[in-house]
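Everything on this sheet refers to the single structure shown next.
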Protein chains: 2
Amino acid sequence: MTTAPQVSVPCPIGRAAGLLGERWTLLILRNANLGTTRFDAFRAELGIADNILSNRLARLVEAGVLVRVPYHDGGRARQEYRLTTAGAEVLPVLHALAVWGEEHTKPAEPTGSMQVIHQRCGQVTTPGKVCDGCGELVRREEEAWVRPWLSPDPIILASPATAGT
Amino acid sequence: MTTAPQVSVPCPIGRAAGLLGERWTLLILRNANLGTTRFDAFRAELGIADNILSNRLARLVEAGVLVRVPYHDGGRARQEYRLTTAGAEVLPVLHALAVWGEEHTKPAEPTGSMQVIHQRCGQVTTPGKVCDGCGELVRREEEAWVRPWLSPDPIILASPATAGT
DNA sequence: CGACTGGCTTGCATTTAGCAAGTCTAGCCG
DNA sequence: CGGCTAGACTTGCTAAATGCAAGCCAGTCG
């Protein structure tokens, strides 16, 4: 495992990087925060190999970042990977990466850039901060992302699986 | 290269993760932000293999996150790797990781946890936020980290290499 | 009953990472 | 002046991790 040896070092940054810094993990969590839950959907969206996706999902479940929830799809048992609270709380990391990436890296070909929208007031705002439009704290349930290279429609962030579910 | 294929995808998170999410990179940047500049020092602090360190430093220089500055040490030419502005700006990512790691991961053996101190008022504060003690914005030059498993002394964050240097 | 789909596991081939040892430059020591 | 040492790397080789392709199994559709 790539960065896993670091998972129990004394530095919290080292531990977080040891788990989240493995290849694909941050991308999986990004998509999970945007509502992806199924194995196939992750595979299709990320272009990740099956065995690695399987491995990563297992590790994230083990780490308590995702939960595996069986559900029924027309009578058939299927699995869903839902965010836990810990998974939902990687959001600040994603925000920080989004800001840094927007500022310091360039896409291969110019595309409209990602935007975070405060659904309550409808304004575009800086990721991870108080709303630029209305000055209020942007709550997770009120936050949506626009990723114009995929679709012009905003995507509201997924809510974590509640303890009872 | 581990995550490098992602460096020019349209999503800024993907691009940032493609560069910063490579193994060791976040740890190198963490230490660089704490003042490490020399090859040997990174090697000793991280326990990273020479060839990989060499490779990562080269990639970070290429990405504009670090600059290689030759300097004189008693008449001998040495290299120093200094943060650029882009390198200094990964700080929010480190803050987010520190908070998440502190909250959702456990060290192998209990140690005093990492603390961020606002030097101006001397208070411990939450990483990446307005000072919990005095309510003012914590500027980078006023921020110090205490990492008690290494030393009880606070370490003031390194300032990036100025354009002229 | 055969095909199909979602969610995986298995088997290699290819990349990376990790370790050890070697190189090169340049002071410093006696 | 010859040998020694230190910093900053390369080079070679082994051990993991990644990627691709194929296979499997349960259930549902036609």
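The values are calculated or read from the model by the stated rules, or taken from the named source; none is laboratory data. These figures come from a predicted structure and were not determined experimentally. Positions of Cβ are backbone-derived with ideal geometry, glycine not excepted, and every protein chain shown enters the neighbour counts. Side chains are part of the model used for accessible areas, which takes the heavy atoms of the whole protein and leaves out ligands, DNA and RNA. Shrake-Rupley method; radii C 1.70, N 1.55, O 1.52, S 1.80 Å.
Miscellaneous remarks
- Taking region B:28-44 as the range and being within 12 Å of DNA strand D (Cβ to nearest atom) and either among the acidic types (Asp, Glu) or open to solvent by 20 Å² or more (accessible area, probe 1.4 Å) (or both) as the test, the residues that pass are B:Thr37, B:Arg38, B:Phe39, B:Asp40, B:Ala41, B:Arg43, B:Ala44.
- Filtered by the rule that a residue be polar (S, T, N, Q), in a loop (DSSP other than H, G, I, E, B) and open to solvent by less than 60 Å² (accessible area, probe 1.4 Å), region A:112-160 gives A:Ser113, A:Thr126, A:Ser151.
- Scan of region B:53-71 for residues that are among the basic types (Lys, Arg) and more than 8 Å from DNA strand D (Cβ to nearest atom), ordered by number: B:Arg56, B:Arg59
- Yes/no for A:Thr25 being touching a helix residue (DSSP H, G or I) at 6+ places or on another chain (Cβ under 9 Å), among the hydroxyl-bearing types (Ser, Thr, Tyr) and open to solvent by less than 10 Å² (accessible area, probe 1.4 Å): yes
- A:Glu109 being free of Cβ contacts under 8 Å to residues at least 12 places away in the same chain and assigned to a loop (DSSP other than H, G, I, E, B): yes
- Here B:Pro110 clears all of (1) more than 8 Å from every other protein chain (Cβ to nearest Cβ); (2) at pLDDT 90 or above; (3) farther than 19 Å from A:Ala17 by Cβ except the condition numbered (2).
- Restricting A:Val124, A:Val146, A:Val130, A:Val67 to residues that are β-branched (Val, Ile, Thr), within 18 Å of A:Asn33 (Cβ to Cβ) and not assigned by TED's automatic domain parsing to the domain that holds A:Asp40 narrows the list to A:Val146.
- Looking across region B:113-124, just one residue is among the small types (Gly, Ala, Ser) and more than 9 Å from chain A (Cβ to nearest Cβ), and that is B:Gly122.
- Taking region A:62-88 as the range and being hydrophobic (A, V, I, L, M, F, W, C) and surrounded by 15 or more Cβ atoms within 10 Å (Cβ to Cβ) as the test, the residues that pass are A:Ala63, A:Val65, A:Leu66, A:Val67, A:Leu83, A:Ala86, A:Ala88.
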